[in-house]
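These notes are about the structure you will find just below.
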Amino acid sequence: MKKDMVALTPPMGWNSWDCYGPSVNEEQLLGNAQYMADHLKEYGWEYVVCDIQWSEPTAGKVSPYYIPFAWLTLDEYGRQLPAPERFPSAADGKGFGPIADKIHSLGLKFGIHIMRGVPRLAVHKHLPVKGTNTTCDKIAASASVCRWNTDMYGIDAEQEGAQAYYDSIFELYASWGVDFVKVDDICNTNAYPNDPYSAEKEIEMIRKAIDKCGRDMVLSLSPGPAVIEKAWHLRQNANMWRITDDFWDQWELLLAMFERCEVWERQVSPGCWPDCDMLPIGSIRLHLRNWRGDSGEERGEYWTQFTKEEQITMMSLWCIFRSPLIMGGEMRDNDSFTLSLLTNKDILRMHRLGTGAHQVYRTERTCAWKSVDSEDGGVYVALFNLSDEEREVTACFEELELSGTYQVRDLWAGEEKGSAAEKVGAVIAPHGAVVYKLTK
């Protein structure tokens, strides 16, 4: 299938990173898949994604962070395999196939995280590249390395066997039933001073490998962050790409996303989704709790530090901008408020059907965004209080390019607010938001 026919609406799912870091295991993966099937599938949530270092047997046991030069689980062709110590069903070379089968049986889709390049271990062991007469050390770009993870070397696209290695790993992923691949350390081609185009070339090789593998896969590119000057290249090759470094539950990071969304608003289209990163809500950083041996009775730092108002602001911005929605928390710990954020049908309709989303205005204290429902023509207006004090936020019809009288519905409150003919507004709590739908 042509790239742009995959992910015609922004992908919605769950990723293991925010709650389990590099240490997620089979039980945690499948437990969250079951929760999604039971509580979120009907609202459009469908991807279950296993994040980084799934081939590392000791992840989460020796340290809650990356182990430098870890001994990864590889096959004879230098391709990573899920560690059976953490994913028992992967034993005997089955890989992620059994897990993908279980997730598919729930009516969901399965995804994995990979780092760009070839494992250092495969390079140092001179393992062969499948289908070629060359070895992994011959295709490695030893000067093109990740600054924060030691697992991989980049791949030199000019070397014989470079494309064949990428073809071989995506052939493997297709055989497992993978539907979504998040590729890390690849989004920002300015991040590689030794070869500023190495990541760009690897993106192109990955695109060719997916097209050749015979299975539809969403291609998600991660840090990053992407640069707007390369939007044309990202649109040609990927379905979603990160426009930020790792996003966590800090107001300063959320505030900065308003500028990033303004920069990228014109690049949003079916099959092409600038990505605001995961939603760090609910129960997160559990790998730190598990490592420290905390009881878990107190939420503390293991629960999102965003206020409820800030969580509504985040969901409102992500949804009107039409970022992919990837839940980061342990979903089985969700409270009623967290679940309500993920199941508001009116907000999710805006996310799915909104068109022409753009920032209407932004000051240091307030902001407004607008989009239009592609099916019924309703106008979505999101108003944000960016300040530390309660204040009234308004948007007049002139700046919204509207005229006449509209019925107003508050989408988060689920309430009709009467009619408006000149402006819409609300008194909003600090760091909070409201979203209205205006119907002629």
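Given the criteria at pLDDT 95 or above, surrounded by 21 or more Cβ atoms within 10 Å (Cβ to Cβ) and not in a strand (DSSP E or B), does V178 qualify?
Values: at pLDDT 95 or above: yes; surrounded by 21 or more Cβ atoms within 10 Å (Cβ to Cβ): yes; not in a strand (DSSP E or B): yes.
Criteria met by V178.
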Open item on the list: List the helices (runs of 4 or more DSSP H) inside the stretch 210-294, counting only whole elements, that have at least 2 residues being under 17 Å from the mean Cα position of the chain (by Cα) and crowded, with 17+ Cβ neighbours inside 10 Å.
Closed with: 231-237, 251-264
Open item on the list: Can you tell me how many residues within the stretch 54-71 are at negative phi, surrounded by fewer than 21 Cβ atoms within 10 Å (Cβ to Cβ) and in contact with a helix residue (DSSP H, G or I) (Cβ under 8 Å, 6 or more places away or on another chain)?
Closed with: 6
Open item on the list: I'd like the full set of residues that are open to solvent by 30 Å² or more (accessible area, probe 1.4 Å), out of contact with any helix residue (DSSP H, G or I) (no Cβ under 8 Å at 6 or more places or on another chain) and within 10 Å of K437 (Cα to Cα), limited to the stretch 378-416.
Closed with: Q407, E416
Task: So W54, is it part of a loop (DSSP other than H, G, I, E, B), more than 29 Å from K345 (Cβ to Cβ), touching a residue at least 40 places away in the same chain (Cβ under 8 Å) and hydrophobic (A, V, I, L, M, F, W, C) - done: yes
TODO: Please state which of the following conditions E76 fails to meet, knowing it meets all the rest: (1) over 27 Å from A238 (Cα atoms); (2) at pLDDT below 95; (3) of a type in the set (D, E, K, R).
DONE: (2)
Open item on the list: So, E42, is that one part of a loop (DSSP other than H, G, I, E, B) and not aromatic (F, W, Y) or not?
Closed with: no
Open item on the list: Report every pair of residues separated by at least 6 positions or lying on different chains whose Cβ atoms are under 7 Å apart, first residue within the stretch 125-154 and within 16 Å of R79 (Cβ to Cβ), second surrounded by fewer than 18 Cβ atoms within 10 Å (Cβ to Cβ) and modelled with pLDDT under 95.
Closed with: Y153/S142
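Residue-by-condition table, conditions (1) without any contact (Cβ under 8 Å) to a residue 40 or more places away in the chain; (2) under 30 Å from E301 (Cβ atoms); (3) of a type in the set (V, I, T):
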| site | (1), (2), (3) |
| --- | --- |
| F337 | yes, yes, no |
| L342 | no, yes, no |
| T355 | yes, no, yes |
| C367 | no, yes, no |
| V381 | no, no, yes |
| F384 | no, yes, no |
| Y406 | yes, no, no |
| V427 | yes, no, yes |
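Yes/no per residue for (1) touching a residue at least 12 places away in the same chain (Cβ under 8 Å); (2) part of a loop (DSSP other than H, G, I, E, B); (3) more than 25 Å from W14 (Cα to Cα); (4) among the aliphatic types (A, V, I, L, M):
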| position | (1), (2), (3), (4) |
| --- | --- |
| P64 | yes, yes, no, no |
| A70 | yes, yes, yes, yes |
| Y77 | yes, yes, yes, no |
| A83 | yes, yes, no, yes |
| I99 | yes, no, no, yes |
| H113 | yes, no, no, no |
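The values are calculated or read from the model by the stated rules, or taken from the named source; none is laboratory data. Being a predicted model, the structure only gives us computed values, none of them experimental. Please note: Cβ atoms are built from the backbone with ideal geometry, for glycine as well, and neighbour counts cover all protein chains shown. When the accessible area is computed, the model is the full protein with side chains, heavy atoms only, and any ligands, DNA or RNA have been set aside. Shrake-Rupley method; radii C 1.70, N 1.55, O 1.52, S 1.80 Å.
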